[in-house]
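The values are calculated or read from the model by the stated rules, or taken from the named source; none is laboratory data. As the structure is a computational prediction, the values presented were derived from the model and not from experiment. Using ideal geometry, Cβ is built from the backbone for each residue, glycine included, and neighbour counts are taken over all protein chains shown. When the accessible area is computed, the model is the full protein with side chains, heavy atoms only, and any ligands, DNA or RNA have been set aside. Shrake-Rupley method; radii C 1.70, N 1.55, O 1.52, S 1.80 Å.
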Amino acid sequence: MNFLEERILKDGVIREGNVLKVDSFLNHQMDVSLLDKIGEEFHRRFSHKKITKILTIEASGIAIAYAVARCFGVPMVFAKKAKSINIEGDVYTAEVESFTHKNKNQVIVSKKFLNCDDHVLIIDDFLANGCALQGLISISESAGATVEGIGIAIEKGFQYGGKSIRNLGYDLQSLAIVESMDHVSQSICFRNNEI
């Protein structure tokens, strides 16, 4: 069992509807020491690849992506869920559906921050159905960038997102893959995922 799985067992809360709450340490209140370990682990897993940018989506992926970008010593770019007046010029867009929020968003990345010379590592906190990842892959492809890999903190292995992304040929690595969970017993089973 790895450090993230141990933390999920200790502080994660399972809610009805296949919801795993990790807001006490990962995506609301953040344990910065844990984020550093996550960044270091993704660096270990992908350091053999040429990475020039870390790409994520707001909001929960930002802190994890920052920790990874710090380890690689490269910029981190996040897709915004709304165009604001401080975004100038042309943008790449993709529509993504959120499993957690049950809504669709247009996400955008300014064209000046992502281009055909970039080798991208996509990072996010959760993978359920894969819609956010599909959007980030689409934006990367629109920019002509190369997706070198995808790092996910927690994957719901019982949902189809991970399988569909892997079937597309991407190097997808998740630190914790939940095979099953039960909100009544608060029990969770992880896939053997040691690398």
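Key figures for this structure:
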quantity: Among the residues listed as ILE54, ILE38, the single one being closer than 26 Å to SER180 by Cα, within 17 Å of the chain's Cα centre (by Cα), of a type outside the set (S, T, N, Q) and buried (at least 21 other Cβ atoms within 10 Å of the Cβ); calculated: ILE38
quantity: Test result for VAL32, more than 16 Å from the chain's Cα centre (by Cα), surrounded by fewer than 16 Cβ atoms within 10 Å (Cβ to Cβ) and free of Cβ contacts under 8 Å to residues at least 60 places away in the same chain; calculated: yes
quantity: Cross-chain or 6+ apart pairs with Cβ under 9 Å, segment 142-154 first and under 30 Å from VAL13 (Cα atoms), then open to solvent by 40 Å² or more (accessible area, probe 1.4 Å) and hydroxyl-bearing (Ser, Thr, Tyr); calculated: GLY149/TYR170; ILE150/TYR170
quantity: Filter result (surrounded by fewer than 22 Cβ atoms within 10 Å (Cβ to Cβ) and under 16 Å from PHE78 (Cβ atoms)) within segment 98-117; calculated: SER98, ASN105, GLN106, ILE108, SER110, LYS111, LYS112, PHE113
quantity: Qualifying position, being part of a strand (DSSP E or B), open to solvent by 10 Å² or more (accessible area, probe 1.4 Å) and either at pLDDT 95 or above or among the hydrophobic types (A, V, I, L, M, F, W, C) (or both), among ILE188, ILE177; calculated: ILE188
quantity: Total residues in segment 57-66, condition modelled with pLDDT of 95 or more and open to solvent by less than 50 Å² (accessible area, probe 1.4 Å); calculated: 4
quantity: Output for segment 157-174, where each listed residue is among the polar types (S, T, N, Q) and either assigned to a strand (DSSP E or B) or out of contact with any strand residue (DSSP E or B) (no Cβ under 9 Å at 6 or more places or on another chain) (or both); calculated: SER164, ASN167, GLN173, SER174
quantity: Failed item in (1) under 21 Å from VAL107 (Cβ atoms); (2) not in a helix (DSSP H, G or I), with GLN29 passing the rest; calculated: (1)
quantity: Qualifying position, being modelled with pLDDT of 95 or more, outside any helix (DSSP H, G or I) and among the polar types (S, T, N, Q), among ASN115, ASN129, ASN86, ASN105; calculated: ASN115
quantity: Subset of segment 14-29 that is over 16 Å from the mean Cα position of the chain (by Cα) and over 13 Å from VAL178 (Cα atoms) - its residue that is most open to solvent (accessible area, probe 1.4 Å); calculated: GLU16
quantity: Options GLY169, GLY162: the member that is within 18 Å of the chain's Cα centre (by Cα) and crowded, with 20+ Cβ neighbours inside 10 Å; calculated: GLY162
quantity: Qualifying positions in segment 177-195 - farther than 30 Å from ARG44 by Cβ, touching a residue at least 40 places away in the same chain (Cβ under 8 Å) and of a type outside the set (D, E, K, R); calculated: HIS183, GLN186
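Yes/no matrix, rows are residues, columns are (1) over 18 Å from GLY39 (Cβ atoms); (2) at pLDDT below 90; (3) not in a helix (DSSP H, G or I):
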position: VAL68; (1), (2), (3): no, no, no
position: VAL77; (1), (2), (3): no, no, yes
position: HIS101; (1), (2), (3): yes, yes, yes
position: ASP124; (1), (2), (3): no, no, yes
position: GLY135; (1), (2), (3): yes, no, no
position: SER140; (1), (2), (3): yes, no, no
position: GLU155; (1), (2), (3): no, no, yes
